[in-house]
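Written below as structure tokens is the structure these notes are about.
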Amino acid sequence: MTKTKLNIESWNRKEHFRFFSAFDDPFFGITTNVDFTTIYLEAKHDSQSFFLYSLHHILTKANETDEFKLRIEGENSVVKYDTIHGTFGFAFFEYIPDRNDFIQQAIQEITRVKNSTGLSFSKNTGREDVIRYSSIPWFSFSEMKHAVSFKNGDSVPRISTGKLIDTNGKMLLPISICAHHGLMDGKHVAQFLNKLSEP
């Protein structure tokens, strides 16, 4: 869990950070459809889970976008983690660049949760170096509201995906992103979304 503390005074988002951090609700959200045809076809070809293939792809591109690795610590401190991972429900998915290794470990974590009784949270789900991920595969959506703990100083991004939409053979995935406006804005989300469209 390696991280680097930013120098707020020399940070080009210093004023944005201080302005939006004073809001009762400093989070903003967008929802859009992203072309996941390549990931869908790869999962189908390999007889693997599209859920895990898409989650790995999302975490890979989030790790390539610096703003998704920023977190607020305390009241006036911002850090950037070297690597961010994912949570889903009560499970923790460690990010591993190799997709096959990631999937093997993710399957073990899913099995742990399925074989547990009650609310069996992983000890790692409360970490800050994560993306809080959720999947709603039963329907597509055009808007979504995410739960956020403002009183706890939460700054962890939320990403949710919906049901794939087959548009003339192109597989579009509804994606909702909720992020702290003091740490990023629409430009950074657009950069992330553009990376998601890449193979």
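The values are calculated or read from the model by the stated rules, or taken from the named source; none is laboratory data. Treat the numbers as computed from the prediction; the structure is a model and nothing was measured. We place every Cβ from the backbone using ideal geometry, glycine too, and count neighbours over all the protein chains shown. The accessibility values were calculated without ligands, DNA or RNA, using every heavy atom of the protein model including side chains. Shrake-Rupley method; radii C 1.70, N 1.55, O 1.52, S 1.80 Å.
For the chain, just say rounded, prolate or oblate: build the C-alpha gyration tensor, square-root its eigenvalues into a ≥ b ≥ c, call rounded for a/c under 1.5, and beyond that prolate if a/b exceeds b/c, oblate if not.
Prolate, since a/c reaches 1.5 and a/b exceeds b/c.
Place a +1 charge on the Cβ of each Lys and Arg in the stretch 1-63 and a -1 charge on the Cβ of each Asp and Glu, then give the dipole magnitude about the Cα centre in debye, rounded to the nearest 20.
The calculated dipole for the stretch 1-63 is roughly 280 debye.
By the gyration tensor of its Cα atoms, with a ≥ b ≥ c the square roots of the eigenvalues, what is the shape of the stretch 69-116: rounded for a/c under 1.5, prolate for a/b over b/c, or oblate?
It is oblate, given that a/c is not under 1.5 and a/b is not larger than b/c.
Might you tell me the accessible area per residue for the chain, computed with a 1.4 Å probe and given in Å²?
Heavy-atom SASA per residue in the chain reads 53 Å².
Let me spell out the model: positive unit charges on the Cβ of Lys and Arg, negative unit charges on the Cβ of Asp and Glu, origin at the Cα centre of the stretch 1-143. What dipole size does that give, in debye rounded to 20?
Taking the Cα centre of the stretch 1-143 as origin, the dipole is about 300 debye.
Using a 1.4 Å probe and counting only protein heavy atoms, arrange D25, D185, D129 so the residue with the most accessible area comes first.
Accessible-area ranking of D25, D185, D129, largest first: D25, D185, D129.
Who wins for biggest fluctuation among D35, D24, D66 in a Gaussian network model of the chain, springs between alpha carbons below 10 Å?
D24
So, with a 1.4 angstrom probe, what is the percent of accessible area on the chain that is carbon and sulfur?
Accessible surface attributable to carbon and sulfur in the chain totals 50 percent.
Nearest 5 percent is fine: what portion of the DSSP beta bridges confined to the chain is antiparallel?
75 percent
Can you list the lysines whose alpha carbon is less than 26 Å from that of K3, not counting same-chain residues fewer than 8 positions off?
Result set, ordered by chain and number: K14, K61, K69, K80, K123, K151, K187, K195.
For R99 and E64 in the same chain, what is the full-extension length gain: residue separation times 0.36 nm, less their Cα-Cα distance, in nm?
That pair, R99 and E64, stretches by 11.1 nm at full extension.
Testing the spin-label approximation: label points 7 Å from Cα along Cα→Cβ at I136 and D46. State their distance in nm.
Rounded to a tenth, the inter-label distance reads 2.8 nm.
Counting other Cβ atoms within 10 Å, keep those with at most 11, restrict to DSSP loop, and tell me which GluC sites (Glu not before Pro) in the stretch 71-143 are left.
E75, E143
Suppose the chain between I107 and E73 were pulled fully straight at 0.36 nm per residue; how much longer would it get relative to their current alpha carbon spacing?
Additional length available on full extension: 9.1 nm.
When the Cα centres of the stretch 75-145 and the stretch 164-185 are compared, how far apart do they sit, in Å?
A separation of 17 Å, based on Cα centres.
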